[in-house]
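Worksheet: one structure, shown below.
The values are calculated or read from the model by the stated rules, or taken from the named source; none is laboratory data. If you're wondering where the values come from, they're calculated on a predicted model, not measured in any experiment. For neighbour counting, all protein chains shown are included, and Cβ atoms are generated from backbone atoms with ideal geometry for every residue, glycine included.
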Amino acid sequence: MNTGRSARPEFADDATAAVTVRSLRVERGGALVLPGISLSVPAGKITGLLGPSGSGKTTLMRAIMGIQLVASGTVTVLGEPAGDPGLRRRIGYVTQAPSVYSDLTVRENADYFARIALGRGGAPRQAADDVLERVGLADRGKQLVGTLSGGQRSRVSLACALLGSPDLLVLDEPTVGLDPVLRASLWELFRQLAGSGCSLLISSHVMDEATHCDQLLLLRAGELVFHGPPNALLERTGAASADEAFLQIASTGREGDE
């Protein structure tokens, strides 16, 4: 393991990054959650935001979406300030708690959000068909969302976030509670989306998902302790797994480079 203090990471150029965060400081309930972190999310890639529960992942995502009060710092998303009205149809967001209507069917939710995402100029019914097929829920269209399992409700939220073909997807622990087969199918979908030019920021506390990402952002107690590709994480630590590597880096508080 490299025991010396590593250089700070080289971030993607502001002009080419999907998200640029500079000196972001967030306080919640009188506690300092993010102490002034800087990072970037490259365009057209899958970036994994990893770390234990309480490390600041959701707070960072909320700041990127423009729905989190910040004490200082800047967040730029797709070339605009976070929260800019022009970003509303360019970003898909999936929260930890399913953000769909439990008293509507799967299809009714998809139709409703398709009309919002596409407006009058789109083809909402075809778009709803397509996204339900992509997340494996085409056969559940007539079922009330409230009767679905937790993992299925999360997939309905993901389907609705995909409507309108967003340029950026921000997904807060989208695979929690899913069986291994479904998790693998979703990661295949994420890879297809990135291949089509979509930028994805996906949070997780399951470290074995790190290998599915192009870039990693590892948080510990609000601090960025690693920023780079998965192979660099393993090379830096000499660890056999992402779990072991993160434990080594988190215990020293040292940040990796790209």
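A few comments on the model shown:
- In segment 26-85, the residues that are under 23 Å from GLY195 (Cβ atoms) and among the charged types (D, E, K, R): LYS45
- Residues satisfying the stated conditions in segment 141-151, i.e. free of Cβ contacts under 8 Å to residues at least 40 places away in the same chain, outside any helix (DSSP H, G or I) and surrounded by 16 or more Cβ atoms within 10 Å (Cβ to Cβ): GLY141
- Members of segment 166-199 that are in contact with an Asp or Glu (Cβ under 9 Å, 6 or more places away or on another chain) and over 16 Å from GLN96 (Cα atoms): TRP187, ALA194, GLY197, CYS198, SER199
Residues checked against (1) among the polar types (S, T, N, Q); (2) closer than 23 Å to ASP130 by Cβ; (3) touching an Asp or Glu at 6+ places or on another chain (Cβ under 6 Å):
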site	(1), (2), (3)
GLY29	no, no, no
VAL33	no, no, no
ALA63	no, no, no
GLN68	yes, no, no
SER72	yes, no, no
GLY79	no, no, no
ARG88	no, yes, no
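Condition check ((1) farther than 26 Å from VAL176 by Cβ; (2) outside any helix (DSSP H, G or I); (3) over 21 Å from the mean Cα position of the chain (by Cα)) across all residues:
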residue: SER102; (1), (2), (3): no, yes, yes
residue: ASN109; (1), (2), (3): no, no, yes
residue: PHE113; (1), (2), (3): no, no, no
residue: ALA117; (1), (2), (3): no, no, no
residue: ARG125; (1), (2), (3): yes, no, yes
residue: VAL131; (1), (2), (3): no, no, no
residue: ASP139; (1), (2), (3): no, no, yes
residue: ARG153; (1), (2), (3): no, no, no
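- Only a single item in (1) outside any helix (DSSP H, G or I); (2) touching a helix residue (DSSP H, G or I) at 6+ places or on another chain (Cβ under 6 Å); (3) farther than 23 Å from HIS212 by Cα is not met by GLY92, and it is number (3).
- Test result for SER53, without any contact (Cβ under 8 Å) to a residue 60 or more places away in the chain, polar (S, T, N, Q) and closer than 20 Å to SER204 by Cβ: no
- The residues of segment 74-89 that are on the phi < 0 side of the Ramachandran plot, assigned to a loop (DSSP other than H, G, I, E, B) and modelled with pLDDT of 95 or more, listed by number, are ALA82, ASP84.
The rows are residues; the columns are (1) free of Cβ contacts under 8 Å to residues at least 24 places away in the same chain; (2) of a type in the set (A, V, I, L, M, F, W, C).
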| position | (1), (2) |
| --- | --- |
| GLY164 | no, no |
| VAL181 | yes, yes |
| GLY195 | yes, no |
| CYS198 | no, yes |
| HIS205 | no, no |
| LEU219 | no, yes |
| ALA240 | yes, yes |
| GLU244 | yes, no |
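- The residues of segment 202-217 that are under 26 Å from LEU148 (Cα atoms) and modelled with pLDDT of 90 or more, listed by number, are ILE202, SER203.
- Looking at GLY222, GLY164, just one residue is buried (at least 17 other Cβ atoms within 10 Å of the Cβ) and touching a Gly at 6+ places or on another chain (Cβ under 6 Å), and that residue is GLY222.
- Taking segment 167-258 as the region of interest, the helices (runs of 4 or more DSSP H) fully inside it that hold 3 or more residues being closer than 17 Å to SER53 by Cα are 242-252.
- Options ALA194, ALA221, ALA239: the member that is modelled with pLDDT of 85 or more and farther than 15 Å from LYS57 by Cα: ALA194
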